[in-house]
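Colleague: Let me give you the structure first, and then I'll get to my questions.
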Amino acid sequence: MWRFLFIRITQSFVTILVAVCLIFLSIRFLPGNPVLVRFGQHPVPAKIEAEMAKQGWDKPMIVQLGKFLKELAQGDLGDSFERPGERITDQLKERVPATIELTFCALLLAIPLGILTGVAAAFWHTRWPDYAAMTLALIGVSVPVFFLGFLLMNIFSNMPTGQRLPAWIVLDFKTDFYLFESILTGNFSMAGLALKHICLPALALSTIPAAMISRITRSSMLEVLSADYLRTARAKGATFFRVVWGHALPNAAIPITNILGYQIGMLLTGAVLTETIFSWPGMGSYLFAAIEQRDYAIVQGGALMIATMFVFSNLLLDLCYLWLDPRLRVEEIS
Amino acid sequence: MRYYFQLRKQLNMQIRILTLCCLGAMLFTLGCGSPPAPTNTLIYGRGGDADGLDPTHTDIGESVKVIVNIFDKLVDYDEETLDLVPSLALSWETSDDGLVWTFDLREGVKFHDGTPFNAEAVAFTINRIIQPDHPHAYDNVIPFYPNYEGIESVTPIDEHTVQFKLKHPSATFISNMAMFPASIVSPTAVKIHKEHFARNPVGTGPFKFEHWKTDQQLVLAANDNHWRGRPTVDRVIFIPVKESAVRVKQLERGEIHIADNLPPSEVDELAKLPTIKIQETEGMNVGYMTMNMDKPPLDNLLVREAIWHAIDRDRLIDVAYSGHATKAVSMVPPTMWAHHSGLADREFDPEKSKQLLAEAERNAGVKLPIKLQLFVMAQPRPYMQRPRQTVVFIKDSLERVGFDIEIVTNDIRQHFFRMTQGEHQLGLAGWSADIPDPDNFLYTLLDLDNINDDGGNNLSRYRNEEMHDWLIAAKSELDVEKRKQLYLKAQESIFRDAPVLPLVHTKVRIAQRKELSGYKLHPSSMVRLRHSKITP
Amino acid sequence: MNQLAVSNSFWSRVSRRLRKNHAAMFGLVLVLGFICAATFANVLAHYPIDYAEDPNMLPSREHWLGTDSHGKDVLTRVIHGSRLSLLAGTVSIVLAIVIGVPLGAIAGYSGKKTDQLIMRSIDVALAFPSILIALLVMAALNRGWSSVIIAVGLINIPIFARQIRATVITLKNQDYVTAAIASGANTFYVLTRVLFPGITGPLIVLGTLGLGSAILEVAGLSFLGIGGDPTIPEWGGMLTEAKGTLTTTIWPALAPGIAISLSILGLNLLGDGLRDALDPKLNHNK
């Protein structure tokens, strides 16, 4: 068990390290001059060279990589190329919470929604709730996030979008988890505002996981509902609710966890599009803008952050999986 | 079976709690009301965020919008016109040879951090721009250095008098002093914050910087001690929202007071709402297509004329600007004093275009169809509000008369960089005036001095020695009428040689809530918010 | 088709099962519909592709879905748009298969170090959101549709490699494969002749579903403004363009959005149906 954990964690770190080095090096092979982002319509050759030297871009690649890793170890990702004086680490502190809140809310919508429709579909198997739920699930995976976001914005045009909180609120929070922080400090009217703003993007982001969860719940419920012990339970007079809640649902937990793990990558990908459409100030839109403007300092820092988030959430899910399914513990040890 | 029961025990509680929490959170959302919005805060919605707020080190429009509210300059534009009026300087005088300018400064003005404003501060500010190794210029990017390189030195005479010495007489010097890079910065603050001054700006302006979260909000507060008096609004919040569709919705819902940089057709629709007011002014800009004369067959006048005749610019204005632009014939916009209104346009005439190409094929051995790359920027600009629509229209038009066009899209900065290197054949470009002077259009965009691989803005690589002499003469000519004659001649020769196809001069339009009054769009497109007032 | 059915009873059973599945048949009709639209775009569409009238017209008898901001007929562009979407999707999936399948097969078949190496590299590739990799590829190459295809192909390689590896590992332990290895067949022979037929089924399913996501990714990239030539109609790009004129007419945005959704829906239904038909014992529902 501990050995497995150790190997798994080491593996995660190595994955991240390799990924970051790859990104770092491949960026340096990209055509085009990276410091130009600053010069715009007024480039001056001597100044461009001075700027390259200042950023250390003129040194051999291996020296640059070494410097980057050294600074990384100290928790410093450097300054943005495009916006002078902007520390990338500070920016990530603002951006990552936005993405985490969005992903969290999307899952908060997706999990209950998916489970409820899945259970309903399984219980009324081959009757209209089943068809309705499965049709919805199909539409959920087929409508692209960007089109859905666009539709939502136009249908619910009285819902606020484009910001995490109303524009007139001066953002003086302690952390950048506006929603979590205001719930925890008991500022419920603020939390309400934050929820209102996160609603549409979270909804757009939640459809694909919701659809996946719904389908997986349905199929594992179908398997379980026909099992012997459930027939026994029902014969003993357990209500439907008790059967589903107490017996069938826990069994569906493992495949759901499995699909969630698979979905996290998709959620982060979806976040790039969702954040861009809804102007959500998270990691996805930050990185997208940086790639567009070739602000490579941000690209390498941001990519590192996303890879870390992805690898560690997968690690976390692996652990959950291990905790949920005792059989695995035995298998992994042997 | 045993395994199953084990599992059930573990999971039951957790799943139940989780589900209940989810349901609780959902119900909670629906039940919440919102606290009332403060009434005296102006919210400005725009398409992007500032990059830095140090006036010396930026040329990004979104930064400038903030900078002009935090800082003052020695001279400024009148509230409504382009006339220059005193600001931090009370008065100024020129020596007879035009080389020495003496400014008499306003007394008793203080920067937001309490530092007194004086001649030293002025010298400090200008020296940061013009001295190559100034100890307090922390950034290599000084976009507007060329505008100020004609300044020899800046000397404080006494506490409230400062003297500028120029290398040669300059007709544009005083206009340059009204431009934002000459905003006077607090020397103390620059020395304290160093390169982070760009995120902690301190000036003397009507608003002081409060805080800035990139891509979320930038907050300014009223400066109680401003020498013009305190602004009416308590706060100004700039919020960046990239999607223009979202900005439209926010304005409709009243979440923001002003939305700028909207697509023209959306502004027309907003104008129909009773709560919305549209402001419009003729912009000092030109959107044009450059034809790189170093790349054959574009060195051939017949080909360039054929391109000119092939494009119906009136229709282009309908398609890409919803009719809100003026057809351009000269590069100098009609709002400017040296605009040449007498040029006879090369009318839209595809047949003529085909004839010219046939002639070029006969005489110069040009092969038809002519394959050309057309460069286009990915992001909209005030002079090119819908680059995608524009480029598609031009491609379709040119392919009808015998061209074969390949579109090359790039991020705006890469786009301009590649074009200054001369990589393009055709390219969409444009210019918004830095200062209201024809020199800023003709010399900057078409003089042979500005051809080089490192940032000359003569993208067409147009070489005209004769015109060069006129433009240089006009630079140091102080008599406006004589200058005008020189610029008119220059415009004629540009029209004759057709190194560029001027497309449009656009109007600058913003949409605002009716609650907001007192803010007027300025012809220089400067966003000065000090008179704005909000009446709920 | 018929010959195949007669000669191969496995495939005939599969096609019979598929025909009984209404949802899959609906998906097939949708997919065929889009293929037809792409093939006969010039006949089906009312207007030539560069024909332009007044911009932003509402639907009328002449223009069933109105015109877009260029003044071009929306229906015509949506029909022509199926060409690029299907082509780009197919080519990028072929690219992903050509590279991903051998990788997965080698990893699954050889096991040990090679497997570890390939799988760890795939882990690294999967550590970034796919769209990010595509964006970086686009930054490296010149913008254009061919770069979009390469980018989308690249991000699909790990998905194919992973799935094929899993299939190969299952197949490797089957008796007929063990027998082939024991009888001294060389690796190449085993991979191409013995294992490959077993991979075809999962590959067809994966290819169909992958085509859906490739179309989505192409549209997504072009929606973000990173497509190729904007005069070539493409659904994602059309949606982006239409955002600027929403308050005037909704159709230029709605039509391409619906087209993307329907094509992906069709491919999903068909893919699910194929999976069920190929392996009726399992009630796959992922």
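The values are calculated or read from the model by the stated rules, or taken from the named source; none is laboratory data. Everything numeric in this text was worked out from a predicted model, so none of it was measured. Every residue, glycine among them, receives a Cβ derived from its backbone with ideal geometry; neighbour counts consider all protein chains shown. Protein only, heavy atoms only, side chains kept; ligands, DNA and RNA dropped before computing areas. Shrake-Rupley method; radii C 1.70, N 1.55, O 1.52, S 1.80 Å.
Colleague: If I filter segment A:142-180 down to residues being in a loop (DSSP other than H, G, I, E, B), among the hydrophobic types (A, V, I, L, M, F, W, C) and touching a residue at least 40 places away in the same chain (Cβ under 8 Å), which single residue comes out as farthest from residue C:259 (Cα to Cα)?
Modeller: Filtering segment A:142-180 down to residues in a loop (DSSP other than H, G, I, E, B) leaves A:143-144, A:156-177.
With among the hydrophobic types (A, V, I, L, M, F, W, C) added as a condition, the list becomes A:143, A:156, A:159, A:165, A:167-171, A:173, A:177.
From the residues that got through so far, the ones that are touching a residue at least 40 places away in the same chain (Cβ under 8 Å) too are A:143, A:156, A:159, A:177.
Working: A:143: 10, A:156: 22, A:159: 27, A:177: 38 Å.
Per the criteria, the residue is A:177.
Colleague: I'd like to check something: does segment B:432-441 contain any residue that is within 25 Å of residue B:145 (Cα to Cα), assigned by TED's automatic domain parsing to the domain that holds residue B:330 and assigned to a strand (DSSP E or B)?
Modeller: Yes, that holds for at least one residue.
Quick grid of which residues meet (1) in a strand (DSSP E or B); (2) among the small types (Gly, Ala, Ser):
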{"site": "B:359", "(1), (2)": "no, no"}
{"site": "B:392", "(1), (2)": "no, no"}
{"site": "B:405", "(1), (2)": "yes, no"}
{"site": "B:422", "(1), (2)": "no, yes"}
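Colleague: So, one more: Across segment B:35-88, what is the number of residues that are free of Cβ contacts under 8 Å to residues at least 24 places away in the same chain, hydrophobic (A, V, I, L, M, F, W, C) and assigned by TED's automatic domain parsing to the domain that holds residue B:159?
Modeller: Residues in segment B:35-88 being free of Cβ contacts under 8 Å to residues at least 24 places away in the same chain, hydrophobic (A, V, I, L, M, F, W, C) and assigned by TED's automatic domain parsing to the domain that holds residue B:159: 1 in total.
Colleague: Looking at C:85, C:92, which is the one that is within 12 Å of chain A (Cβ to nearest Cβ), open to solvent by less than 10 Å² (accessible area, probe 1.4 Å) and in a helix (DSSP H, G or I)?
Modeller: Numbers: C:92 fails: within 12 Å of chain A (Cβ to nearest Cβ).
Testing whether each residue is within 12 Å of chain A (Cβ to nearest Cβ), open to solvent by less than 10 Å² (accessible area, probe 1.4 Å) and in a helix (DSSP H, G or I) leaves just C:85.
Colleague: I'm trying to understand the selection: among the residues of segment B:351-381, which are in contact with a strand residue (DSSP E or B) (Cβ under 9 Å, 6 or more places away or on another chain) and away from every other protein chain (no Cβ under 13 Å)? Quick ask: steps written out before the conclusion?
Modeller: Keep residues of segment B:351-381 that are in contact with a strand residue (DSSP E or B) (Cβ under 9 Å, 6 or more places away or on another chain), which gives B:357, B:360, B:368-378, B:381.
If the condition is that a residue be in contact with a strand residue (DSSP E or B) (Cβ under 9 Å, 6 or more places away or on another chain) and away from every other protein chain (no Cβ under 13 Å), then B:357, B:360, B:368, B:369, B:370, B:371, B:372 are the ones that fit.
Colleague: Restricting attention to segment C:222-242, and to residues there that are farther than 23 Å from residue A:141 by Cα and assigned to a helix (DSSP H, G or I), which single residue is nearest to the other protein chains (Cβ to nearest Cβ)?
Modeller: Per the criteria, the residue is C:241.
Colleague: Got a number for residues in segment B:411-433 being surrounded by fewer than 22 Cβ atoms within 10 Å (Cβ to Cβ) and in contact with a Phe, Trp or Tyr (Cβ under 9 Å, 6 or more places away or on another chain)?
Modeller: 4
Colleague: Scan (1) open to solvent by 40 Å² or more (accessible area, probe 1.4 Å); (2) at pLDDT below 90; (3) in a loop (DSSP other than H, G, I, E, B) for the single condition residue B:141 breaks and write down its number.
Modeller: Here residue B:141 meets the rest and fails (1).
Colleague: On to the next question. What strands (runs of 3 or more DSSP E) lie completely within segment B:225-316 and have 3 or more residues being surrounded by 16 or more Cβ atoms within 10 Å (Cβ to Cβ) and either in contact with a Gly (Cβ under 7 Å, 6 or more places away or on another chain) or among the aliphatic types (A, V, I, L, M) (or both)? If you could, list the steps in order and put the result at the bottom.
Modeller: Working: elements: B:235-240, B:276-282, B:285-291.
By residue number, B:235-240, B:285-291.
Colleague: Which of (1) within 14 Å of chain A (Cβ to nearest Cβ); (2) crowded, with 16+ Cβ neighbours inside 10 Å is the odd one out, the single condition residue B:134 does not satisfy?
Modeller: If we test residue B:134 against (1) within 14 Å of chain A (Cβ to nearest Cβ); (2) crowded, with 16+ Cβ neighbours inside 10 Å, just (2) comes out false.
Colleague: Out of B:323, B:287, B:283, which single residue is over 17 Å from residue B:428 (Cβ atoms) and not hydroxyl-bearing (Ser, Thr, Tyr)?
Modeller: Details: B:287 fails: over 17 Å from residue B:428 (Cβ atoms); B:283 fails: over 17 Å from residue B:428 (Cβ atoms).
Answer to the check: B:323.
Colleague: Kindly provide the set of residues from segment A:195-230 that are charged (D, E, K, R) and either at pLDDT 70 or above or outside the structural domain of residue A:106 (by TED's automatic domain parsing) (or both), ordered by number.
Modeller: Here is the first cut: in segment A:195-230, the ones charged (D, E, K, R) are A:196, A:215, A:218, A:223, A:228.
Passing the criteria: A:196, A:215, A:218, A:223.
Colleague: Out of the residues in segment B:53-87 that are in contact with a Phe, Trp or Tyr (Cβ under 6 Å, 6 or more places away or on another chain) and part of a loop (DSSP other than H, G, I, E, B), state the one that is surrounded by the fewest Cβ atoms within 10 Å (Cβ to Cβ).
Modeller: B:74
Colleague: When residue B:150 is evaluated against the numbered criteria (1) open to solvent by 20 Å² or more (accessible area, probe 1.4 Å); (2) within 14 Å of chain A (Cβ to nearest Cβ); (3) touching a Lys or Arg at 6+ places or on another chain (Cβ under 6 Å), which criterion, by number, is the only one it fails?
Modeller: (2)
Colleague: Keeping to segment B:448-500, report how many residues are without any contact (Cβ under 8 Å) to a residue 40 or more places away in the chain and of a type in the set (Val, Ile, Thr).
Modeller: The number of residues fulfilling the criteria is 2.
Colleague: Kindly indicate whether residue A:141 is in contact with a helix residue (DSSP H, G or I) (Cβ under 9 Å, 6 or more places away or on another chain) and under 23 Å from residue A:302 (Cα atoms).
Modeller: On the way: in contact with a helix residue (DSSP H, G or I) (Cβ under 9 Å, 6 or more places away or on another chain): yes; under 23 Å from residue A:302 (Cα atoms): no.
The answer is no for residue A:141.
Colleague: A follow-up question, please. Within segment C:193-202, is there a residue that is on the phi > 0 side of the Ramachandran plot, away from chain A (no Cβ under 12 Å), surrounded by fewer than 22 Cβ atoms within 10 Å (Cβ to Cβ) and at pLDDT below 90?
Modeller: Within segment C:193-202, the subset on the phi > 0 side of the Ramachandran plot is none.
Scanning segment C:193-202, I find no residue that is on the phi > 0 side of the Ramachandran plot, away from chain A (no Cβ under 12 Å), surrounded by fewer than 22 Cβ atoms within 10 Å (Cβ to Cβ) and at pLDDT below 90, so the answer is no.
Colleague: Hey, which of the helices (runs of 4 or more DSSP H) in segment A:1-103, taking only ones fully inside, have at least 3 residues that are among the aliphatic types (A, V, I, L, M)?
Modeller: Working: elements: A:2-29, A:36-39, A:45-55, A:61-73.
Fully inside segment A:1-103 and qualifying: A:2-29, A:45-55, A:61-73.
Colleague: Against the condition more than 12 Å from chain C (Cβ to nearest Cβ), in contact (Cβ under 8 Å) with a residue 60 or more places away in the chain, under 30 Å from residue A:222 (Cα atoms) and open to solvent by less than 30 Å² (accessible area, probe 1.4 Å), how does residue A:96 come out, does it pass? First the steps, then the outcome.
Modeller: Details: more than 12 Å from chain C (Cβ to nearest Cβ): yes; in contact (Cβ under 8 Å) with a residue 60 or more places away in the chain: yes; under 30 Å from residue A:222 (Cα atoms): no; open to solvent by less than 30 Å² (accessible area, probe 1.4 Å): yes.
Considered against the rule, which asks whether it is more than 12 Å from chain C (Cβ to nearest Cβ), in contact (Cβ under 8 Å) with a residue 60 or more places away in the chain, under 30 Å from residue A:222 (Cα atoms) and open to solvent by less than 30 Å² (accessible area, probe 1.4 Å), residue A:96 comes out as no.
Colleague: For segment B:326-363, which positions are surrounded by 15 or more Cβ atoms within 10 Å (Cβ to Cβ) and within 20 Å of residue B:471 (Cβ to Cβ)?
Modeller: B:328, B:329, B:330, B:331, B:332, B:333, B:336, B:338, B:339, B:340, B:343
Colleague: Tally up the residues in segment B:484-527 that are open to solvent by less than 30 Å² (accessible area, probe 1.4 Å), in contact with a Lys or Arg (Cβ under 9 Å, 6 or more places away or on another chain) and not aliphatic (A, V, I, L, M), please.
Modeller: Within segment B:484-527, residues that are open to solvent by less than 30 Å² (accessible area, probe 1.4 Å), in contact with a Lys or Arg (Cβ under 9 Å, 6 or more places away or on another chain) and not aliphatic (A, V, I, L, M) number 7.
Colleague: On to the next question. All but one of (1) crowded, with 20+ Cβ neighbours inside 10 Å; (2) under 24 Å from the mean Cα position of the chain (by Cα) hold for residue B:474; which doesn't?
Modeller: The number of the failed condition is (2).
Colleague: Could you list, in sequence order, all residues of segment C:158-185 that are among the β-branched types (Val, Ile, Thr) and either open to solvent by 70 Å² or more (accessible area, probe 1.4 Å) or over 16 Å from residue C:199 (Cβ atoms) (or both)? Full working, then the answer.
Modeller: Pass one, segment C:158-185, residues among the β-branched types (Val, Ile, Thr): C:159, C:164, C:167-170, C:177-178, C:181.
Correct list: C:159, C:170, C:178, C:181.
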